[in-house]
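So the structure is just underneath, and the comments pick up after that.
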Amino acid sequence: MDGQQHGPLSGFTIGVTAVRRAAELGELLRRRGGAVLHAPALLIVPPADDTELQAATEDLIAHAPDVVVATTAAGLRGWVEAAAGWGRGEELLDRLRGAELLARGPKVRGAVRAAGLAETWSPPSESLADVLERLLGEGVGGRRIAVQLHGEPLPGFAEALRAAGADVVPVPVHRWTPPADPGPLDRLIDAAVARTVDAVTFTSAPAAAATLARAAHRGRLADLVDALRHDVPAACVGPVTALPLQARGIGTVQPDRFRMGPLVDVLCAELPARARTLPVAGRRVEIRGHAVLVDGDLRPVPPAGMALLHALTRRPGWVVSRGELLRALPGAGRDEHAVETAMARLRTALGAPKLIHTVVKRGYRLALDPSADTTYGTR
């Protein structure tokens, strides 16, 4: 394959825990060459089927709010559409028109106006902290404030308003529940623990919390936390999403702008920077998650071959015994012939057999160039 044709994520596998907009995120990753392992961490309750949302809507129609905080465009649209389906759409819109309507950011403003409404104010920062500061500055004692949620709580927001004397009505649009089939999430957790995925993406705090909770339920939490701390970067769309992970001591990578595109851009910089690059037999060898770049040519490698290659690169240039390589092979048993078979397939996959030398009766070693800074030998 021409080295110029692969994308920055070629050779890497990325876990996607999102439900809403998962297809969009997956497509962005694939366009840049990545392989995607989709494992929805949660199931979205459709607004039209959500009894909690319906109850909150009926309450606000019966007892008008003084203030409505719209936090997401999709959430506001889903709320209005669900109310229309229940035959209460115009009544809800009348209540929204009569309230002080605060819209967080330009996308929400667009949804407000598309619904035939007009926002009272919108922060240029898109920050709910600024919305909260404005409300507290105005004084909220005795005021009824509806806060449109979108699948996740807003840490400290409602609590601060209640502490200042407001009557806060949460409006839970797109609530989350555990997935009906946890199998895909279990497989992603196992892949992260085995280091066969190279990153895991999170686009909501509930998805991050649900992934950790599922790992705990299966007795794999400590293993997952260790993987995410040290080897498998957790890529979060923003700081709120990262909170459940950071509470476990897991560092995260995040974009400056809390959007899908910038999230993918962060991975395009992060993962290639983590790849191991070595000068071997006059070639430039870059070892990625499930593939190797040999002088810029992308060479997919089967899992057994990658296991051998990682074992060899832990001591580049040194002889690694067949016994040690056998232990590195997943499920290989005790037959050292499995090493020879996997090694032959690895050399074929790399397309350059001289990258790995056979040392008779001892094992194998990477043919590290003598000019390499890495210490090498024939131990």
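So the values come out like this:
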| item | result |
| --- | --- |
| Spans of helices (runs of 4 or more DSSP H) in the stretch 56-149 with at least 1 residues of a type outside the set (Asp, Glu) and touching a residue at least 40 places away in the same chain (Cβ under 8 Å) | 73-85, 106-114, 128-138 |
| Qualifying residue in the stretch 114-121 (condition: over 26 Å from Arg257 (Cα atoms) and surrounded by 14 or more Cβ atoms within 10 Å (Cβ to Cβ)) | yes |
| Residue check for Arg299: open to solvent by 10 Å² or more (accessible area, probe 1.4 Å) and out of contact with any Leu (no Cβ under 9 Å at 6 or more places or on another chain) | no |
| In the stretch 103-128, the residues that are touching a Phe, Trp or Tyr at 6+ places or on another chain (Cβ under 9 Å) and more than 12 Å from Leu76 (Cα to Cα) | Glu126, Leu128 |
| Breaking point among (1) outside any loop (DSSP other than H, G, I, E, B); (2) farther than 21 Å from Pro47 by Cβ; (3) within 29 Å of the chain's Cα centre (by Cα); (4) in contact (Cβ under 8 Å) with a residue 60 or more places away in the chain, for Pro172 | (2) |
| Matching residues, the stretch 84-104, being under 13 Å from Val68 (Cβ atoms) and either open to solvent by less than 10 Å² (accessible area, probe 1.4 Å) or not acidic (Asp, Glu) (or both) | Leu92, Leu93, Arg95, Leu96, Arg97, Gly98, Ala99, Leu101, Leu102, Ala103, Arg104 |
| Selection within the stretch 180-212 - open to solvent by 30 Å² or more (accessible area, probe 1.4 Å), more than 30 Å from Leu329 (Cα to Cα) and not charged (D, E, K, R) | Ala180, Thr203, Ala209 |
| Selection within the stretch 303-322 - at pLDDT below 90, within 25 Å of Val197 (Cβ to Cβ) and either small (Gly, Ala, Ser) or open to solvent by less than 50 Å² (accessible area, probe 1.4 Å) (or both) | Pro316 |
| Flag for Leu325 being over 28 Å from Pro8 (Cα atoms) and either of a type in the set (A, V, I, L, M) or buried (at least 20 other Cβ atoms within 10 Å of the Cβ) (or both) | yes |
| Scope the stretch 169-179; condition open to solvent by 50 Å² or more (accessible area, probe 1.4 Å) and farther than 30 Å from Asp66 by Cα; matching residues | Pro178 |
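Here is a yes/no grid of residues against (1) over 21 Å from Val360 (Cβ atoms); (2) touching a residue at least 24 places away in the same chain (Cβ under 8 Å); (3) not in a helix (DSSP H, G or I); (4) not aliphatic (A, V, I, L, M):
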| residue | (1), (2), (3), (4) |
| --- | --- |
| Val292 | yes, yes, yes, no |
| Leu298 | yes, yes, yes, no |
| Leu312 | no, yes, no, no |
| Trp318 | no, yes, yes, yes |
| Arg334 | yes, no, yes, yes |
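Residues are listed down the side, and each one gets a yes or a no for (1) modelled with pLDDT under 95; (2) in contact with a helix residue (DSSP H, G or I) (Cβ under 6 Å, 6 or more places away or on another chain):
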{"residue": "Gly156", "(1), (2)": "yes, no"}
{"residue": "Pro179", "(1), (2)": "yes, no"}
{"residue": "Leu185", "(1), (2)": "no, yes"}
{"residue": "Leu188", "(1), (2)": "no, no"}
{"residue": "Arg195", "(1), (2)": "yes, no"}
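Yes/no matrix, rows are residues, columns are (1) modelled with pLDDT of 95 or more; (2) open to solvent by 60 Å² or more (accessible area, probe 1.4 Å):
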{"site": "Ala22", "(1), (2)": "no, no"}
{"site": "Val36", "(1), (2)": "yes, no"}
{"site": "Ala82", "(1), (2)": "no, no"}
{"site": "Pro106", "(1), (2)": "no, yes"}
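The values are calculated or read from the model by the stated rules, or taken from the named source; none is laboratory data. It should be emphasised that the depicted structure is a prediction, and the values quoted were computed from it without experimental measurement. Cβ atoms come from the backbone with ideal geometry, glycine included; neighbour counts cover every protein chain shown. To get the accessible areas, we keep the full protein, side chains included, count just its heavy atoms, and leave off ligands, DNA and RNA. Shrake-Rupley method; radii C 1.70, N 1.55, O 1.52, S 1.80 Å.
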